[in-house]
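Data block below; observations after.
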């Protein structure tokens, strides 16, 4: 039989659908990604603003197309199968369709998203974080058999395993031993004028107390050059990652771009947050910096 040629319109549609899904959200069932339910489609920009251009295949594009749960979905606590709801259901405008791993709280949610992006784009060997005490924990070493004692974080040897389930175990270990303090210490500092989609806004708490972290999920600009941002968070106890409202603002859920000082979010007031970027993320994201 002769091979059929796709007509131009069908070819464009095929490429578009493939681009929108791209196999990029690997925690979902293969047929569960609905283009009409991704972040960019569900959360419009305020009048007069346009989303920033972002490079194809970048973290920024990937975050902009995160799948969302149906409108009005509540935030559930880990393990989500039990259906226990978070006490405060007024902080979010949308819930990301992302499963929750053990110990996946605020800083851990940033770790999870950065790692999932690299895993999805065939760059898993670039995934590497440090524990609070300074140990490097890299996926490349983990898949070759390096493990850590769950109580002491001491290095032990296990069998090589590059499976998806083992990747989740790796992330759960990182989440248990890394936090806002280690992310602030170890990640690349970002000037406020260079804050971009995918960066973290991080504030460790005083010694012995938790801090908080949110991620910039999207950005837009008006004709005068004013920038706004969309923020997402995980929280304590472990719960579904969600897009934050901006209470009392006429551009909610958008926030004016952070330029310093305090930042009030629904459940946390950042006093002097640190802006951080996960270094292994595609350099093209940096090239698309808003200023």
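The values are calculated or read from the model by the stated rules, or taken from the named source; none is laboratory data. It should be emphasised that the depicted structure is a prediction, and the values quoted were computed from it without experimental measurement. Reconstructed Cβ throughout: ideal geometry from the backbone, glycine too, with neighbour counts over all protein chains shown.
Would you point out the residue of segment 53-68, among those that are surrounded by fewer than 20 Cβ atoms within 10 Å (Cβ to Cβ) and in contact (Cβ under 8 Å) with a residue 60 or more places away in the chain, that is farthest from residue 277 (Cα to Cα)?
This residue is 53.
Against the conditions (1) crowded, with 21+ Cβ neighbours inside 10 Å; (2) part of a strand (DSSP E or B), where does residue 235 fall short? Just the number, please.
Result: residue 235 fails condition (2) only.
Taking the stated definitions as given, is residue 270 more than 27 Å from residue 122 (Cα to Cα) and out of contact with any helix residue (DSSP H, G or I) (no Cβ under 8 Å at 6 or more places or on another chain)?
Values: more than 27 Å from residue 122 (Cα to Cα): yes; out of contact with any helix residue (DSSP H, G or I) (no Cβ under 8 Å at 6 or more places or on another chain): yes.
For residue 270, the condition - more than 27 Å from residue 122 (Cα to Cα) and out of contact with any helix residue (DSSP H, G or I) (no Cβ under 8 Å at 6 or more places or on another chain) - is met.
Pairs please, first residue from segment 165-176 and without any contact (Cβ under 8 Å) to a residue 60 or more places away in the chain, second anywhere and surrounded by 22 or more Cβ atoms within 10 Å (Cβ to Cβ) and part of a helix (DSSP H, G or I), Cβ atoms under 6 Å, 6+ apart in sequence or on different chains.
That search, which allows pairs on different chains as well, returns 170/139; 170/142.
For segment 161-168, indicate whether the set of residues that are surrounded by 16 or more Cβ atoms within 10 Å (Cβ to Cβ) and either modelled with pLDDT under 95 or in contact with a strand residue (DSSP E or B) (Cβ under 8 Å, 6 or more places away or on another chain) (or both) is non-empty.
Scanning segment 161-168, I find no residue that is surrounded by 16 or more Cβ atoms within 10 Å (Cβ to Cβ) and either modelled with pLDDT under 95 or in contact with a strand residue (DSSP E or B) (Cβ under 8 Å, 6 or more places away or on another chain) (or both), so the answer is no.
Residues that are in contact with a helix residue (DSSP H, G or I) (Cβ under 7 Å, 6 or more places away or on another chain) and closer than 27 Å to residue 270 by Cβ: list the helices (runs of 4 or more DSSP H) wholly contained in segment 102-213 that include at least 1 such residues.
Of the helices (runs of 4 or more DSSP H) lying wholly inside segment 102-213, those with at least 1 residues that are in contact with a helix residue (DSSP H, G or I) (Cβ under 7 Å, 6 or more places away or on another chain) and closer than 27 Å to residue 270 by Cβ span 106-120, 164-177, 180-186.
Give the residues of segment 231-264 that are without any contact (Cβ under 8 Å) to a residue 60 or more places away in the chain and under 17 Å from the mean Cα position of the chain (by Cα), sorted by residue number.
Matches in segment 231-264: 231 only.
Looking at segment 245-255, is at least one residue at negative phi and in contact with a helix residue (DSSP H, G or I) (Cβ under 9 Å, 6 or more places away or on another chain)?
no
Confirm whether residue 67 is under 17 Å from the mean Cα position of the chain (by Cα), modelled with pLDDT of 95 or more and farther than 16 Å from residue 254 by Cβ.
Details: under 17 Å from the mean Cα position of the chain (by Cα): yes; modelled with pLDDT of 95 or more: yes; farther than 16 Å from residue 254 by Cβ: yes.
Considered against the rule, which asks whether it is under 17 Å from the mean Cα position of the chain (by Cα), modelled with pLDDT of 95 or more and farther than 16 Å from residue 254 by Cβ, residue 67 comes out as yes.
Filter segment 79-110 for residues that are under 23 Å from residue 30 (Cα atoms) and either crowded, with 18+ Cβ neighbours inside 10 Å or in contact with a strand residue (DSSP E or B) (Cβ under 9 Å, 6 or more places away or on another chain) (or both) and give the result.
80, 94, 95, 96, 97, 98, 100, 101, 109
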